[in-house]
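Written out below as C-alpha cells is the structure these notes cover.
The values are calculated or read from the model by the stated rules, or taken from the named source; none is laboratory data. Because the structure is predicted, anything quoted here is derived from the model rather than measured. Don't worry about glycine lacking a Cβ; one is built from the backbone with ideal geometry, like all the others, and counts go over all protein chains shown.
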Amino acid sequence: MRTMYLALVFVLALLVLAPLGANAQHQVRVPPYTGTNYINDFIMGDSLSTGQRRDSSAIYVLQRGQVYLANAVTRNIGWTLTIVANDSTAGVSKPIVYLYPGGTSLLPPGQFVDMRGNLVMRNLIISGYFEPIPANLSGLQGAIINTTAPGLNMTIDSCLITNTNGNHIRTDNAPKVVKITNCVFANMGYLGKSNLGAGKAIDVRAGSVDSLIVVNNTFVNWQDRIIRHFSSTANLQYLRFEHNTCVNGMSYHGFLSLGKVGKQVIIRDNLLVDPFAAGQDTDAVRQAEYIDSGEKDAFGFARMTWVISAPNDTTKWLVKNNYYRVTAAGQTFYDSASFIPIIANPALTKGSPLTYQINSKLGADSVNAFKTHTADLPNVPKLMTAMLKWYRAPFGALPDSGANKTKLNSMFRAKFDYDRRPIQYFRDTLNCAYATSNAVYTAGTGGYPVGDLNWFPAKLAQWKSDPVSSAPSKGPEAPAGFALSQNYPNPFNPSTDISYTLPKASQVKIEVFDLLGRHVATLLDGAVQAGTHSVRFDGTNLASGMYLYRLSVPGQVFTMKMMMLK
C-alpha cells in the first residue's frame with residue numbers, strides 16, 4: 001500500500017511539472033488525390049472567413065502509400081506549416097507529392113511552399129513535376145520551397161526531394177535556422193528550362209543566415225552547387241555540413257559557395273564521389289562566381305576551388321575527415337579534354353578543395369581536410385559525361401550543337417541531360433552503402449562511417465546518442481538556460497525524438513516512465529556539451545498510452561508528457 005502511495009505521489013509531482021497542453025498539436029488527415037482535390041486547396045482552405053487559421057497548431061498528416069497533387073503554391077502567412085507522413089507501416093512507402101500543371105499557364109506551380117511562416121516537413125517524397133507523364137518535365141519550375149519573409153525557421157527531415165530547374169530550397173530573405181537532416185536531394189537542375197547557373201540544393205542567396213545545418217543527407221545529380229551564399233551582404237553565422245554523401249556534381253560555380261561567414265563553419269565526415277566533375281578550368285563564365293575568395297589563378301582570373309568564402313580573421317573553421325573520389329568516368333572526362341574541340345588550357349583537373357585562406361586557418365590540420373577514398377557505391381546514377389562534353393563543345397547545327405562554354409541553353413537536347421532517374425529509383429534502388437571493410441567505414445569522427453549514416457542504420461542510431469561524435473544542432477551561441485522540448489512526433493508510433501538544450505557542458509540523464517512511475521527506459525546518462533541535442537525513444541514493445549520523459553541535470557529536473565498510439 002505504501003509503495004502504491006509513493007508511486008502516486010511521484011506521478012502527481014511529474015504531472016505538476018508537465019505542460020498543460022493548451023497548445024497541443026492537432027493532427028489533420030489530408031485526403032489523397034482522387035481526381036479534383038489538391039493538397040494546396042485543402043491546406044489553404046483550412047481557414048475561417050476572416051482569414052485566420054482554424055487551428056494554428058494543426059499538423060497536416062499525409063497517408064503513406066498515397067499520391068497527392070499540388071497545382072498551386074501554398075503560402076503560410078504568419079503561421080507554422082507542418083506536413084508529415086502518418087506513422088510508419090512496414091512496407092508502405094512515404095506519401096508522394098507531385099507538383100501538377102494548373103492555372104492558365106498549364107504549368108506546375110513555381111514551388112510547393114512559399115514560406116511566410118515557419119515550416120516543418122517530415123517523411124515526404126516531393127517531385128517538381130508529375131513524373132507519370134514524362135512530357136511534363138518540359139514544364140519543370142524553379143523550386144520546391146521558397147521563403148519570402150525574414151526570420152523564419154525551416155526543418156526538413158527524412159524527405160526525398162527531386163526535380164527542380166533552379167533550387168530545391170531557396171531563401172530570398174534572411175532565415176533564422178534552416179535544418180535539413182536525413183534527406184535525399186536528387187536531380188537539381190534542368191537545362192531544358194534554365195541554365196547552368198541553376199541546379200542547386202540549398203540557395204540561401206546573399207543575405208544573413210543564423211544557422212544552416214545539413215547533416216546525414218545524400219545529394220545526387222546537381223548542376224551548380226550544393227550550397228549557394230554567393231556575393232553575400234551579410235554573414236552565414238553558423239554552418240554545419242556533416243555526414244553527407246554527395247554523388248555526381250557538375251559543380252559549375254563551385255561545391256559549397258559560402259560567401260561571407262560568421263562564427264563557425266563545420267565541414268566534416270562527408271563522402272564525395274565526383275563532386276567537382278566539370279573540373280578546374282580557365283573559363284570566364286564559370287569563374288565569374290568564384291570571386292568571393294579574392295584569389296587568382298595563373299591567368300589572373302578567379303581561382304576555382306570546391307569551397308569558396310570571403311576571407312576574414314574571426315571565423316572558426318573545422319574541416320576534417322572529408323573523403324572524395326574521382327571515378328574512372330570522371331578521370332576519363334578530365335583526360336579527354338584535349339580531344340574535345342574546346343581544349344582545356346591548362347589540362348582539366350579535379351581542382352583544389354579549399355582556398356589558400358581556409359587552408360591557412362586550418363594550419364597543419366589542413367592535410368586532414370579532404371583525402372581520397374576507394375569506396376564503391378553499389379547503385380548510383382551514371383556520371384553526367386554527356387552534359388560535361390556538351391558544355392565544352394562548340395556551337396553548331398542542331399541537334400548536336402554544344403554550348404561553347406556559355407550558359408546558353410537553347411541548344412540543349414534531352415540526350416545531353418544527366419542520368420535523371422524517377423522517384424521510385426531514389427526511393428527503392430539508390431544504394432550508397434559501401435562495404436564495411438573499406439577504410440572510410442571507420443574514418444569519421446569518433447570512428448563512425450564517413451558520409452550519410454542513414455546507409456548504416458545501426459551506426460546512425462549509435463551516433464545520435466553519442467556526445468563524443470555528434471555536434472550541437474545549433475550555432476555556437478550559448479543557450480540562455482536548460483530546456484526540454486516537446487517530443488516530435490506526438491502522438492507517435494513507434495518512435496519519437498526528444499530535444500533538449502544545455503547552456504553549458506553538463507551531466508545529463510534522460511529517462512522515460514509510465515503513469516504509475518515505473519521506469520521504462522534510460523535514453524542517455526553521461527556528459528554532453530553545450531547546445532541543442534536530441535535522442536530517440538523507441539516504444540516498439542510498449543502499449544499505447546501516456547508516458548512521461550524526464551531530463552535531469554545538476555540541480556534541475558524537467559518533465560513532459562508524450563502519447564504513444566498504436
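So in the range 24-82, with the set limited to residues that are exposed (fewer than 15 other Cβ atoms within 10 Å of the Cβ) and among the basic types (Lys, Arg), which one is modelled with the lowest pLDDT?
If we take residues in the range 24-82 being exposed (fewer than 15 other Cβ atoms within 10 Å of the Cβ) and among the basic types (Lys, Arg), then Arg54 is modelled with the lowest pLDDT.
Which number in (1) buried (at least 24 other Cβ atoms within 10 Å of the Cβ); (2) at negative phi; (3) outside any strand (DSSP E or B); (4) touching a Lys or Arg at 6+ places or on another chain (Cβ under 7 Å) marks the one condition that Ser211 misses?
(3)
Of Phe276, Phe333, which residue is part of a loop (DSSP other than H, G, I, E, B), surrounded by 15 or more Cβ atoms within 10 Å (Cβ to Cβ) and not small (Gly, Ala, Ser)?
Values: Phe333 fails: part of a loop (DSSP other than H, G, I, E, B).
Matching residue, one of Phe276, Phe333: Phe276.
Go through the range 281-315 and give me each residue that's at pLDDT 95 or above and outside any loop (DSSP other than H, G, I, E, B).
Val285, Arg286, Gln287, Ile291, Asp292, Ser293, Lys296, Ala302, Thr305, Val307, Ile308, Ser309
Yes or no: Ala201 touching a residue at least 40 places away in the same chain (Cβ under 8 Å) and hydrophobic (A, V, I, L, M, F, W, C)? I'd like the intermediate steps shown before the answer.
Numbers: touching a residue at least 40 places away in the same chain (Cβ under 8 Å): no; hydrophobic (A, V, I, L, M, F, W, C): yes.
Spelling it out, it is not the case that Ala201 is touching a residue at least 40 places away in the same chain (Cβ under 8 Å) and hydrophobic (A, V, I, L, M, F, W, C).
Restricting attention to the range 96-125, which residues are more than 15 Å from Tyr60 (Cα to Cα), assigned to a strand (DSSP E or B) and of a type in the set (A, V, I, L, M, F, W, C)?
Result: Leu99, Leu107, Met115.
Suppose the filter is assigned to a loop (DSSP other than H, G, I, E, B), surrounded by fewer than 24 Cβ atoms within 10 Å (Cβ to Cβ) and not assigned by TED's automatic domain parsing to the domain that holds Met121; does Arg205 pass it?
Taking the combined requirement at face value, the residue satisfies it.
Go through the range 437-460 residue by residue and tally those that are more than 20 Å from Gln529 (Cβ to Cβ), in a helix (DSSP H, G or I), outside the structural domain of Glu242 (by TED's automatic domain parsing) and touching a residue at least 60 places away in the same chain (Cβ under 8 Å). Give the derivation first.
Our first condition is that a residue be more than 20 Å from Gln529 (Cβ to Cβ); within the range 437-460, this holds for 437-443, 449-452, 454-459.
This time we only want the ones that are in a helix (DSSP H, G or I), so: 439-442, 454-455, 457-459.
Pick out the ones that are also outside the structural domain of Glu242 (by TED's automatic domain parsing) and you get 454-455, 457-459.
Keeping just the survivors that are touching a residue at least 60 places away in the same chain (Cβ under 8 Å) gives 454-455.
The qualifying residues number 2.
Taking the range 231-255 as the region of interest, how many residues are of a type in the set (A, V, I, L, M) and either farther than 29 Å from Tyr441 by Cβ or assigned to a loop (DSSP other than H, G, I, E, B) (or both)?
Of the range 231-255, the ones of a type in the set (A, V, I, L, M) are 234, 236, 239, 247, 250.
Cutting the leftovers down to either farther than 29 Å from Tyr441 by Cβ or assigned to a loop (DSSP other than H, G, I, E, B) (or both) gives us 234, 236, 250.
Number of matching residues: 3.
Is it true that some residue in the range 536-545 is at pLDDT 85 or above, of a type in the set (Ser, Thr, Tyr) and more than 22 Å from Ser158 (Cα to Cα)?
Within the range 536-545, one or more residues are at pLDDT 85 or above, of a type in the set (Ser, Thr, Tyr) and more than 22 Å from Ser158 (Cα to Cα).
I want to confirm something. Restricting to the range 431-468 and keeping residues that are surrounded by 21 or more Cβ atoms within 10 Å (Cβ to Cβ) and within 26 Å of Asn163 (Cα to Cα), which single residue is nearest to the chain's Cα centre (by Cα)?
The extreme case among them is Asp452.
Would you please list the contacts, defined by Cβ atoms under 6 Å and residues six or more apart or on different chains, that run from a residue in the range 271-294 that is of a type in the set (Ser, Thr, Tyr) to a residue that is not in a strand (DSSP E or B)?
Qualifying pairs under 6 Å: Thr282/Phe299; Tyr290/Met304; Ser293/Thr355.
For the range 392-440, how many residues are within 19 Å of Ala186 (Cβ to Cβ) and of a type in the set (Lys, Arg)?
3
Return the residues of the range 516-540 that are in contact with a helix residue (DSSP H, G or I) (Cβ under 6 Å, 6 or more places away or on another chain) and hydrophobic (A, V, I, L, M, F, W, C); say none if nothing qualifies.
Within the range 516-540, Leu516 is the sole residue that qualifies.
I'm trying to understand the selection: among the residues of the range 496-523, which are over 28 Å from the mean Cα position of the chain (by Cα) and at pLDDT below 90?
Within the range 496-523, the first condition is being over 28 Å from the mean Cα position of the chain (by Cα), and the residues that meet it are 506-509, 511-522.
Scanning the range 496-523 gives Ser506, Leu515, Leu516, Gly517.
Any residue in the range 381-391 that is in the same structural domain as Ser352 (by TED's automatic domain parsing), part of a helix (DSSP H, G or I), on the phi > 0 side of the Ramachandran plot and at pLDDT below 95? Reasoning before the result, please.
Looking only at the range 381-391, we keep the residues that are in the same structural domain as Ser352 (by TED's automatic domain parsing), and these are 381-391.
After this cut, where a residue has to be part of a helix (DSSP H, G or I) as well, the list is 385-391.
Narrowing the set further to residues that are on the phi > 0 side of the Ramachandran plot leaves none.
No, the range 381-391 has no match at all.
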